[in-house]
Every structure is written in C-alpha cells, then in structure tokens.
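Please read the structure below before turning to the comments.
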Amino acid sequence: GKLKEAEFYSRKAIEINPNHAEAHSNLGGILRSIGKLKEAEFYALKAIELNPNIANAHSNLGNILKDLGKLQEAENSCRKAIKLNPNYANAYCNLGNVLKDLGKLNEAELSYHKAIQIKPDFADALLNLGSILSDLGKLNEAALSTSKAIKLNSDFPEALYLLGSIFEDLGKFYEAIELYQRAIFLKDDFTVAKSQLIKCKGDICDWSNLESEKKWLENIGLKGPSINPLGILYYQDDPIKQLQRSKNFFEKKFSRKSIVISPKKKKKIKIGYFSSDFRAHPVMYLFASILMLHDKSKFEIYLYSFVPKEDEYTEIAKTSGCVFKDIKNLTDVEVVQLVRKDNIDIAIDLMGYTKNHRMNIFSYRVAPLQLGYLGYPGTTG
C-alpha cells in the first residue's frame with residue numbers, strides 16, 4: 001500500500017532499462033491507484049508497445065480505460081488479456097467490472113463465474129458476483145456468494161456492506177444494521193456504509209446513536225467518496241447539501257463525454273418516458289391517467305420500459321396509445337442508439353436515483369432536452 005514508494009522504484013527500473021515492459025505495466029497500475037489516469041494509460045500502452053504479449057499489461061490497460069469511461073476499449077483490452085492467457089482469473093474479474101458498467105449484467109455474471117472457476121478462493125470475484133446477482137434480483141444467490149467472500153476474508157468491509165444491503169432488500173433489517181456497523185468499524189471512512197446505516201435504522205425507527213450520526217451528515221457525500229443521495233434526503237433538510245451530494249454522485253459515477261443533439265422541427269413533438277416502474281408501483285398509480293390524457297394529436301409518446309417483471313399495470317401502459325418499447329435486455333449503449341434513432345425531442349427520466357435506475361442512458365445524452373420527473377423527490381445534480 002506504499003504507492004509513492006512503489007511509483008519511485010518502478011520509475012527507477014524504467015530509468016535503468018527503458019525497454020522493461022513489465023516495469024511500464026506495473027507503473028501504469030500504480031498510477032491508476034494514485035488517480036493519475038492519463039499518465040497510467042500512457043505507461044500501460046508503452047508496456048504493450050514494448051511487448052504485445054503481456055496479458056497483465058492488457059488487463060491493467062482495461063482497468064485504466066474503465067476508469068476513464070472508455071468502456072468499449074476497456075472491454076477489448078480485457079478480452080485481449082484473456083486471449084493471451086485463458087486462465088487469467090483477474091482478467092475475467094476485470095472484464096466483469098467493465099461489462100457491468102456497460103449494462104451487460106448477464107455477461108458480467110458469466111465472467112465472474114469464470115474467474116471463480118479458475119480461482120475458487122478469489123474473494124474479490126465472489127464479492128463482485130454477489131453485487132451483480134443483487135442487481136439482477138437474485139438476492140439469495142447474491143447473499144451466498146458474498147458470504148463466501150466474507151468466509152475467505154472476515155475483515156472485508158466492502159463484502160460486509162454488500163451483504164448488509166442484500167439483507168436490507170430481503171427485509172432482514174437487524175442483520176443488515178449489524179453488518180453495516182461491522183463494515184464501518186473496519187473502515188472508519190466508509191461513507192456509503194454510514195449513509196446506508198442511517199437509512200436502514202430510520203426504516204425501523206431505530207434512533208440510537210442519533211447524535212454521532214448527525215455529525216456524519218455534516219460531510220458525508222460532500223467530501224471524499226460520493227454516495228447515492230436518496231437515502232439521506234429524509235434525514236437532512238438542506239437543499240444546498242442535497243444538490244452538492246447529487247452533483248458529486250453524478251460526476252463520480254456517470255459523468256462522461258456526451259454529444260450535443262440539436263432539436264429538429266417536426267409535426268408532432270416526441271416525448272420519451274423511461275422507467276422500470278411501469279408496473280404496480282406508486283409512480284404508475286399516479287402516472288397511468290397521464291398516459292391516457294396526453295394529447296396524441298400534438299405529441300407522440302414513447303415508453304421505454306425496463307420493468308423486471310410485467311403485470312396488469314404494464315398492460316395499462318401498453319394499451320395507453322403510446323409506443324411501448326421493452327428495453328430491459330438491451331445494454332445502455334444499445335438503448336442510446338435506439339432512442340437517438342427514434343428522434344426523441346424530450347427524454348423524461350421517471351426514476352432519478354431510485355432502485356433499478358439507468359442514469360447511464362442519460363449521461364450519454366439521448367435527446368435535446370432531458371429532465372427528471374415524478375419518481376425521485378430531489379435533484380439528480
């Protein structure tokens with residue numbers, strides 16, 4: 001963990017032998033850990049230029065490109081590493097991380113399974129598999145995988161936190177609270193765990209340690225790591241801090257270079273609504289009549305649905321006179337291409353940062369005007 005010293009010695013190795021490919025690759029990995037991503041990319045590319053057959057260099061480059069938001073290039077680099085070394089567990093794990101960011105959740109799951117098949121005691125891969133299974137709604141499988149990671153490493157705050165969030169989704173609030181507390185004990189600056197602990201305790205009206213938790217709220221999500229601002233909205237009535245938390249969350253998680261889309265004049269304005277809540281859900285209870293009452297002579301309404309499980313309310317959406325498109329199995333990039341092809345004028349996100357949101361779609365930009373409505377009680381930043 002002595003990164004500055006590691007950087008010094010790697011640079012020294014390169015000074016002694018400028019053609020040492022492994023030293024360039026190592027330096028790229030170290031610089032990534034320090035946060036010098038552009039320089040890290042330079043050294044990883046240099047390593048590959050010196051020796052194109054080092055699997056580790058391609059895997060390192062994949063990680064760096066992922067952090068830079070160059071996801072397609074990152075996927076290619078990870079796959080190149082695997083081609084060079086088919087038994088490279090780390091490369092499969094890294095590929096899974098990239099696929100997750102691309103919205104290819106089922107492919108990511110397979111990639112993590114492959115990493116674990118090669119290296120059964122790979123705690124990080126078990127943790128990442130638990131995370132993806134949770135995202136896919138396979139909560140019991142997610143709990144099993146995450147528990148295995150904790151069994152391999154009991155002092156693993158990220159795994160304790162993830163298992164806590166899975167238990168919270170399963171309604172096991174007391175177990176979740178205990179796991180969050182253990183994670184924070186091991187990692188005092190674990191802001192995401194602190195945020196989730198406050199929310200989870202509030203859900204069961206547990207107001208113990210309220211004073212110390214109020215102190216956390218002074219800086220949580222404002223300095224250092226970002227947090228999903230939703231959980232804190234209920235506990236701190238401060239719009240300026242809410243805005244800053246939301247901006248930080250968007251910048252750290254979703255910000256990327258997006259294109260400008262100019263409005264085009266047409267007979268009907270095209271409006272696209274995006275949600276996973278076109279189902280029995282408070283948003284749809286409020287929204288169903290709006291779909292019926294939209295003036296279809298002036299507006300063409302598109303519904304982009306990523307509902308996990310359709311029901312009678314989904315049927316209402318489908319028969320509302322709007323164009324209904326099921327996008328749940330499409331990647332974020334595929335959705336972006338589809339929506340741009342549909343020439344939507346106004347894209348309306350009905351989710352904000354609530355469960356199952358797909359903010360990545362909006363970060364690429366899919367319409368001249370994009371806004372949030374109804375499903376999220378605050379700014380997305």
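The values are calculated or read from the model by the stated rules, or taken from the named source; none is laboratory data. A quick note: this is a predicted structure, and the numbers were derived from the prediction, not measured. Reconstructed Cβ throughout: ideal geometry from the backbone, glycine too, with neighbour counts over all protein chains shown. These accessible areas exclude ligands, DNA and RNA; they are computed on the full protein's heavy atoms, side chains included. Shrake-Rupley method; radii C 1.70, N 1.55, O 1.52, S 1.80 Å.
Across the chain, the mean sequence separation of Cα contacts (distance under 8 Å, 6 or more residues apart), normalised by length, yields a relative contact order of 9 percent. For the chain, the solvent-accessible area works out to 51 Å² per residue, with a probe of 1.4 Å and every protein chain left in place.
Summarising the amide proton neighbourhood of L369: residues at separation of 5 or more, or on other chains, whose placed amide H is nearer than 5 Å comprise A347.
A probe of 1.4 angstrom, applied to the heavy atoms of all protein chains, finds D203 with accessible area near 80 square angstrom. Relative contact order of segment 167-223, taken over Cα pairs closer than 8 Å and 6 or more residues apart, is 29 percent. Only protein atoms count toward the accessible area here, which uses a 1.4 Å probe; on the chain, the carbon and sulfur part of that area reaches 53 percent. Once mean projected area of the Cα convex hull in nm² is calculated for the structure shown, the corresponding label among (1) 24.4; (2) 20.9; (3) 36.5 turns out to be (2). Placing one equal scatterer on every Cα of segment 162-266 and applying the Debye formula, the log10 ratio I(q)/I(0) at q = 0.22, 0.25 Å⁻¹ is -1.22, -1.44. Taking Lys and Arg as +1 and Asp and Glu as -1, the other residues whose beta-carbon sits under 12 Å from that of D206 total -1. Judged by the gyration tensor of its Cα atoms, with axes a ≥ b ≥ c, segment 66-116 is oblate; a/c meets the 1.5 cut and b/c is at least as large as a/b.
Among the trypsin sites (Lys or Arg not before Pro) within segment 198-230, those in coil by DSSP and having at most 12 neighbouring Cβ atoms inside 10 Å are K223. Using C-alpha pairs below 8 Å separated by at least 6 residues, the relative contact order for segment 5-75 is 26 percent. When you count the other C-beta atoms within 10 angstrom of each residue and take the mean per peptide, 245-257, 125-137 line up highest first as 125-137, 245-257.
Segment K12..D189, full-extension length gain: 60.4 nm, with 0.36 nm per residue of separation and the alpha-carbon distance subtracted. By the rule of a C-alpha distance below 22 Å, with chain neighbours fewer than 8 residues away ignored, the lysines paired with K201 are K172, K187, K214, K215, K241, K355.
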